[in-house]
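A short write-up of the structure that comes next.
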Amino acid sequence: MYAQLVESGKAETSEQDVAFQKRIDDGIRIEPKDWMPEGYRKTLIRQIGQHAHSEIVGQLPEGNWITRAPTLQRKAILLAKVQDEAGHGLYLYCAAETLGISRDEMTEQLLAGKAKYSSIFNYPTLTWADIGAIGWLVDGAAIMNQVPLQRCSYGPYSRAMIRICKEESFHQRQGFDIMRALVEGTEDQKAMAQDALNRWWWPSLMMFGPSDKDSVHSEQSMRWGIKQNTNDELRQKFVDQTVPQAEWLGLTVPDSELSWNEEKGGYDFGEPDWNEFMEVIKGNGPCNRERLEARQKAWDDGAWFREGLMAHAEKQSAPIAAE
Amino acid sequence: MDAFVTFCLRMGDNALILGQRTAEWCGHAPVLEEDIAFANMGLDLIGQTQLWYGLAAEAEGKGRTPDDLAFLRPERQFLNSLLVEQPNTDFGHALMRQYLFDAWHLPMQEELAKSSHEGVRGLAQKTVKEVRYHLDRSRDLIVRLGDGSEESHKRMQDALDWLWPFTADLLATDEVDAQMADEGIAPVPALIAKAFDAETQATLARATLTIPETRLRRTGGRDGIHTEHMGYILAEMQSLQRTYPGARW
Ligand SMILES: [Fe+2]
Ligand SMILES: [Fe+2]
Ligand SMILES: [Fe+2]
């Protein structure tokens, strides 16, 4: 569907398109009231929507451990983190709404399986160390992806990312600190940390998306200033940043092909299992059904609440205040 | 046990167990704003827990930490009111539980902010703003949903019918409360009961909800006699500390 949009966009390059592209090339932000090509709008809605859904669905694997966090401090930090993620979802839905789609529509797309969210959240959190690994690796990868988006050509998205990135770096440090405490702990705790790294490493690398040569969305998004770096560039950066951290922790990255390449000044590393990635994207990951079911249940069970607030607002004949 | 320690544990246990219940909503609330609000309340409550346990642990002087109090005490030593351990049957129950707790908690914190005990006074002065915000929020939702649609009214009334008997456990008093009041550490219980009645009568009337005429009074939590829900809350909450004794996290 997207590929078609790109093609039709190319076919009818109008004066408006040229002027639009010039604006982007000149580094001038696009704001909601500005003219924009339909493909640009749709790409952004898709991307911001996916990002928002990822924040929302991302509450679930981590929320799974709030009631079991091992200390009061860790519990508070995790709660604050999950609250941040919900807040990120909110900013992002608001940013997407400036493009002419409502939050309810986006939610319906998510629940109908039409809109995607980051495939990483389809993996289960099985031990407390998974909460550390998520903060360290998943928030770490998210930051890699998101820092360049602070310069995204679309103003509201770029501004949302600036707020979000600040909080994400807290999350990453907190996750790393959970891992640190574990590796400084008992043998059981160290094993728990290593096991979490083993399970989260490859899915984290997949968060950057398929290799550049296989990525459909990259090229046009780069021209439009929606994307600044390629998937492979970001993945390389992530590996280069994270491997020394794993070494510092005394943990082993589960990649037999990992080695320092002096010439390129970065690590060589193995290929993630892209078949697994595609399967998870298609809905066949370990927790896809649980995640969507949980969101569907929250939505359905909450219908009376939302309707009740609407009914009250109508009685007051005040402006609708349900959301 | 020392009366002051008992008092602090009752306060801290209320905050912890309600915080635990509140946190169960993360990612499951009816709208995103409520996910955020519930996480926020949970966070406030866990923060208050740490403060109360800090006071309890210090007064007790046995070298226990706030985490020891949270994760290593058995059920019979938890002294929270029965209200806060009641399950998240639906979002209406969660809101009503929160509201009834807040309606007691705010007058309590306001009085504690004048406590003769410096630690208690400081704690209450620090947290009273949070508690006021919680009550403002829960009161507002109770009124809107009670006086909302037919279904929201029914759900809020059901929640009130179920939870009301447990408010007796918030307001129950014993010699510990008498001693705390004598020493000026905590308010005279009757004062809080009066404030609670005034708040709930006014708000529930605005919400078109009816306080159930029941003689049922569910008490015992303050003495460590809980409902059957409590064991599961603790089993979940304490699982890591129990599985890996002595580990640091
Ligand atoms: Fe986030
Ligand atoms: Fe994110
Ligand atoms: Fe995050």
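Close amide-amide hydrogen proximity is noted between residue A:154 and A:30, each under 5 Å apart and 5 or more residues distant or on a separate chain (H modeled in the peptide plane; Pro and chain starts excluded). Sparse packing (at most 14 other Cβ atoms within 10 Å of the Cβ) combined with a DSSP loop state is found for the following trypsin sites (Lys or Arg not before Pro) in region A:238-305: A:264. Across peptide A:309-316, the average count of Cβ atoms from other chains found within 10 Å of a residue's Cβ is 5. Charge dipole (Cα centre; +1 on Lys/Arg Cβ, -1 on Asp/Glu Cβ; no other charges) of region B:3-243 amounts to roughly 160 debye. For residue B:202 and residue A:228, the FRET efficiency from 1/(1 + (r/R0)^6), where r spans their Cβ atoms and R0 equals 41 Å, is about 0.15. Cβ crowding within 10 Å ranks B:147, A:195, A:130 as A:195, B:147, A:130, fewest other Cβ atoms first. Paramagnetic label reach from residue A:25 (point 7 Å along Cα→Cβ; backbone nitrogen cut-off under 17 Å): within region A:151-190, residues A:153. With the simple spin-label model, which puts each label point 7 Å out from Cα in the Cβ direction, the residue A:33 to residue A:187 separation comes to 6.9 nm. For the segment A:83-92, counting C-beta atoms of other chains within 10 Å of every residue's C-beta and taking the mean gives 4. Placing unit charges on the Cβ atoms of the charged side chains and taking the dipole of region B:196-249 about its Cα centre, the candidate lying farthest along the positive direction among B:225, B:203, B:235 is B:235. Normalised radius of gyration (Cα atoms, divided by 2.2 N^0.38 Å) for region A:23-311: 1.02. Amide H to amide H, with H built 1.01 Å from N, residue A:266 comes under 5 Å of A:261, counting only residues 5 or more places away or on other chains.
Where the centroid of each part is defined by its Cα atoms, how far is region A:51-96 from region B:85-144 in Å? One Cα centre to the other: 23 Å. Counting Cβ atoms of other protein chains within 10 Å of each Cβ in B:146-157 and taking the mean gives 5.
Per the Cα gyration tensor, region A:154-273 maps to an equivalent ellipsoid with semi-axes of 29, 20, 12 Å, ordered largest to smallest.
Size of the dipole of the protein assembly as shown about the Cα centre, Lys and Arg at +1 and Asp and Glu at -1 on the beta carbon, nothing else charged, in debye to 20?
On the way: 61 positive and 87 negative charges, 133 e Å.
Roughly 640 debye for the protein assembly as shown.
Only Lys, Arg, Asp and Glu count, each charged at its Cβ (+1, +1, -1, -1), so figure out the dipole size of region A:23-311 about its Cα centre, rounded to 20 debye.
Rounded to the nearest 20 debye, it is 960 debye.
Legend: ranking of residues B:163, A:92 from fewest to most surrounding C-beta atoms inside 10 Å; resulting order B:163, A:92.
Shape descriptor for the protein assembly as shown: Rg over Rh equals 1.02 (Cα atoms; Rh from the Kirkwood inverse mean 1/r). From helices alone, chain A scores -20500 deg cm²/dmol at 222 nm; the rule is -39500 (n - 2.57) for each run of n ≥ 4 DSSP H residues, then divide by the residue total. What's the center-to-center distance, using Cα atoms, between region A:229-272 and region A:275-307 in Å? Between the Cα centres of region A:229-272 and region A:275-307 lies a distance of 32 Å. Above 27 Å lies some portion of the pair distances; for chain B, what is it as a whole percent of all C-alpha pairs? Of the Cα pairs, 33 percent sit more than 27 Å apart. Placing a label point 7 Å from the Cα of residue A:214 along the Cα-to-Cβ direction, the residues of region A:118-148 whose backbone N falls under 19 Å of that point are A:118-123.
Per-residue ellipticity at 222 nm from helix content only, as computed over chain B with -39500 (n - 2.57) for each DSSP H run of at least four residues, stands at -22000 deg cm²/dmol.
Which order results if A:178, A:101 are arranged by neighbouring Cβ count within 10 Å, fewest first? Mind dumping the intermediate values first?
On the way: A:178 25, A:101 19.
Placing the least packed residue first, the sequence is A:101, A:178.
Selection among B:87, B:167, B:117 by position relative to the dipole of region B:3-243 gives B:117 as farthest towards the positive end (Cβ unit charges, Cα centre).
The Rg/Rh ratio of region A:1-149, with Rg taken over Cα atoms and Rh as the Kirkwood radius over Cα pairs, comes to 1.07.
Every read-out reported here was derived from the displayed coordinates using simple, explicitly stated rules and does not represent laboratory data. Keep in mind that what you see is a predicted model, and the values were worked out from it rather than measured. Cβ sites come from the backbone with ideal geometry, for glycine too, and all protein chains shown count toward neighbours.
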